[in-house]
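*Asks:* I have a structure I would like to understand better, so I am pasting it below and will then ask my questions one at a time.
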Amino acid sequence: MNSFDELCKKLTQDVANNIVQGRSWKDDEQLRFDYAVRHLLIGLWKKHHTHPDNHSSMQKNKNFYSALKQYRDPNLTYRMAIHAFDGLQKLDIIYVVQDGYYDRIKMEGSLTRYKATQRLTVMFEELEGHPAITLKPNIDIQTILLRHKIDGRRQIVAYEEDKDTEQWRINLRKINHCFSKHILDLQIKDTEVNELQERLLLDNDKQPIDLTHKVLVRIFTNNTFNEGGRFYRGWWQNVPSEYRPYITINSKMTQECDYSQLNPNMIYALHNHELGSEDAYSRVLGPEHREVVKEGFNAMLQANTELKSKPSKLNLDEVGMSWTELRQSILNAHKPIKDLFFTGIGNKLQFEDSILAEDVMLHFSKMDYPALPVHDSFIMHHAFGSSGELEEAMRRAYYNRNGKDIGVSNEIIIYQSDNESNNKTDETFDDILNPEPEYSQWSNRDDLWKKEKNSILSS
């Protein structure tokens, strides 16, 4: 039993033989049962390679499987999901860490949490392959999501299809299809992997890196398709900025380009004002306080009220002034648009930058080149950055939308992995024959991908 598919087949049969024997299921029921077992095992296998100490979650609320069918996996039903979960638990394949609950008064709760048993962990360790290589991304999921705040909580809500949502879905399927054909990876040392994952677990705004997450969705907000619309759920979007230079596409190093002062440029252009040549953020308190001003500026665009209290993540220590003083300084420096602050226009600007992102990604997807979005920036094979092709596509998308030009900054960080150095003079003969596998996790995934690619080409 060397492959994940073989493991799924065996455990599905074991559950059927030992737990649900004697049941007479129709063909479609059997298929849904098989799918449910595989669904649970996929989640655990991915967790094994992402963060094995972390739990997985199971939705046991029957209503979940019938509500908002627009977003639900039609192959995953409540009945078969429960059969699969209970069966795997009785066979000592999974165990429950915490039962799910819901407090109707506090309107909060938790899903059932579970982990792989030692028995299943051993099975996973014996498998060939890696989820990011072996599992094919499902590009047919619902990718256009609408969110609304209900009772103080942001929730996904149903919507009526129209020509816009249909076209956005078609476009995003093309983009996701392109991404699915390439290996998107992170080349960092084995010793750094766990450190990074632990760091991300402690960040409420981030998720541990799961290299199988290559399918993007668009999330619109405030119950309208005129706000939000940014692209989410790509694993690279969880990577802290200092690690992004080590993202690889098809084993090759990448380069990131981002729009310069995108929000100021857009809001000035949309309201027929000239931003001018001076940096929108540096003009407030000087270049040394640019980043603090930028964060405050964007918070003021996002807010629906005067925002009298300091944004929670804003550190004012380095500027030596109160939030009230900084807020007024920003307003004074941007008098042409001062009435647009505190109007919630930030969500409308997100829609505008999502249009640009779609344009850029579609452009390169048609040529089968992935352009990975991080809101107002893109990560591509370094050749597209050094040749100026990515910058040109970004500028063109902005000009077509706004009738004005915009700056694009790009940076490529040339780094040399220790295992690639040719300048080591103190290596012993044994070191040369048995080098320290500092990048073994990345190298193993890379070898698997190349093997699979060659297999496809030769078939």
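Derivation of every value follows stated rules applied to the coordinates shown; laboratory data play no part. Please read all numbers here as calculations on a predicted model, not as lab measurements. Cβ sites come from the backbone with ideal geometry, for glycine too, and all protein chains shown count toward neighbours.
*Asks:* Specify which residue in the list Asn2, Gln142, Trp236 is farthest towards the positive end of the charge dipole of the chain, using unit charges on the beta carbon of Lys, Arg (+1) and Asp, Glu (-1), about the Cα centre.
*Replies:* Gln142
*Asks:* Tell me which GluC sites (Glu not before Pro) from region 195-294 have a DSSP coil assignment and no more than 16 other beta carbons within 10 Å of their own.
*Replies:* Answer by residue number: Glu274, Glu278.
*Asks:* Something else: Any idea which of Gly276, His51, Tyr101 is furthest toward the positive side of the dipole for the chain, if Lys and Arg beta-carbons carry +1 and Asp and Glu beta-carbons -1?
*Replies:* My answer, from the dipole projection, is Tyr101.
*Asks:* Apply the Karplus parameterisation 6.51 cos²θ - 1.76 cosθ + 1.60, with θ equal to phi minus 60°, to every residue of region 309-322 and state each ³J(HN,Hα) to the nearest whole Hz, in sequence, with x for glycine and proline.
*Replies:* Values, residue by residue: 8, 4, x, 4, 8, 7, 9, 9, 4, 6, 8, x, 8, 7 Hz.
*Asks:* Rounding to the nearest 10 and keeping the result within 0 to 90°, find how far the Cα-based axis of helix 190-201 lies from the longest principal axis of the chain.
*Replies:* Tilt relative to the chain: about 70 degrees.
*Asks:* Within region 336-372, which trypsin sites (Lys or Arg not before Pro) sit in a loop by DSSP and count at most 16 neighbouring Cβ atoms inside 10 Å?
*Replies:* Counting only loop positions with at most 16 other Cβ atoms within 10 Å, the trypsin sites (Lys or Arg not before Pro) in region 336-372 are Lys366.
*Asks:* Compute the acute angle (0 to 90°) between the alpha-carbon long axis of helix 4-18 and the principal axis of greatest extent of the alpha-carbon atoms of the chain; round to the nearest 10°.
*Replies:* For 4-18 against the chain, the angle is about 50 degrees.
*Asks:* Loop only by DSSP, 10 or fewer other Cβ within 10 Å of the Cβ. Give me the chymotrypsin sites (Phe, Trp or Tyr not before Pro) in region 237-284 that pass, ordered by residue number.
*Replies:* Qualifying residues, ordered by number: none.
*Asks:* Then there's this: As I understand it, the value is the acute angle between the Cα axis of helix 27-50 and the longest principal axis of the Cα atoms of the chain; what does it come to in degrees, rounded to 10?
*Replies:* Approximately 60 degrees, to the nearest 10.
*Asks:* Same structure again: Can you work out the FRET efficiency for the pair Asn272 and Lys310, with r the C-beta to C-beta distance and R0 = 30 Å, to the nearest 0.05?
*Replies:* Computed FRET efficiency for Asn272 and Lys310 comes out at 0.40.
*Asks:* Given a cut-off of 27 Å, name the pairs among Lys26/Lys115; Lys294/Lys335; Lys252/Lys366 whose C-alpha atoms lie farther apart than that in the structure shown.
*Replies:* With Cα atoms farther than 27 Å apart: Lys26/Lys115.
*Asks:* Need the list of aspartates and glutamates near Lys149 for cross-linking: C-alpha distance under 16 angstrom, and skip anything on the same chain fewer than eight residues off.
*Replies:* Within the straight-line limit of under 16 Å, Lys149 reaches these aspartates and glutamates: Glu108, Glu227.
*Asks:* Once you have the Cα-Cα distance between Gln98 and Ile170, take 0.36 nm times their residue separation minus that, and quote the gain in nm to one decimal.
*Replies:* Answer, rounded to one decimal: 21.9 nm.
*Asks:* Another question, then. Could you name the aspartates and glutamates whose alpha carbon sits less than 13 Å from that of Lys338, not counting residues in the same chain fewer than 8 places away?
*Replies:* Those aspartates and glutamates meeting the cut-off are Glu306.
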